[in-house]
């Protein structure tokens, strides 16, 4: 592909590194930026730098945050007797959009996947156990994708938590097998939360 300048080529090379963006789309975005006022590009650049340098993770649930504890963990109106365990932060956003859940969360940071070399030690499992050991939690909802790796992770967690007096539930299987929570429609996800069932091994 021929570019009008080395500056455009460099911009396209960086933009195309984003997921789902090819060279042609990256070129369109670069040319779009050139058409805008300079402050538009400056504000975009500043927002990206702040995103990267000022974003941290909640010390309690590992959700994306701007401070030591995220806005959900800091909200005294949340039901602290329930923790919904998810793979990644986008899953929290999906569940929050249903308006059906008022408890807390715990982000594992992935799921167990031997093929990818991800084991239990690579996930935020011990911090979850510590939260449960504190004694305030009465129910754990395993809101993990209905894939083979997700089922493996749910099975491991159920075994890891079996010695604690905590109810373990999972999302109702109204969710399609093999689906990702992030892409599930809000109605189906909301009903799955309300119709959750006891997790059985």
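Observations on the model:
- Among the residues of segment 111-119, at least one is closer than 20 Å to residue 170 by Cα and touching a strand residue (DSSP E or B) at 6+ places or on another chain (Cβ under 8 Å).
Every residue, every condition in (1) farther than 30 Å from residue 157 by Cβ; (2) surrounded by 11 or more Cβ atoms within 10 Å (Cβ to Cβ); (3) free of Cβ contacts under 8 Å to residues at least 24 places away in the same chain, yes or no:
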{"site": "12", "(1), (2), (3)": "yes, yes, yes"}
{"site": "26", "(1), (2), (3)": "yes, yes, yes"}
{"site": "30", "(1), (2), (3)": "yes, yes, yes"}
{"site": "38", "(1), (2), (3)": "yes, no, yes"}
{"site": "52", "(1), (2), (3)": "yes, no, yes"}
{"site": "59", "(1), (2), (3)": "no, yes, yes"}
{"site": "94", "(1), (2), (3)": "no, yes, no"}
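- Residues located in segment 132-169, provided they are crowded, with 17+ Cβ neighbours inside 10 Å, part of a helix (DSSP H, G or I) and either under 19 Å from the mean Cα position of the chain (by Cα) or modelled with pLDDT under 95 (or both): 149, 150, 151, 153, 154, 157
- Filter pass, residue 60 being over 19 Å from the mean Cα position of the chain (by Cα) and within 16 Å of residue 137 (Cβ to Cβ): no
- Matching residues in segment 95-110 - criterion: being outside any loop (DSSP other than H, G, I, E, B) and within 9 Å of the chain's Cα centre (by Cα): 107
The values are calculated or read from the model by the stated rules, or taken from the named source; none is laboratory data. Treat the numbers as computed from the prediction; the structure is a model and nothing was measured. No Cβ is skipped: glycine too gets one built from the backbone with ideal geometry, and neighbour counts run over all protein chains shown.
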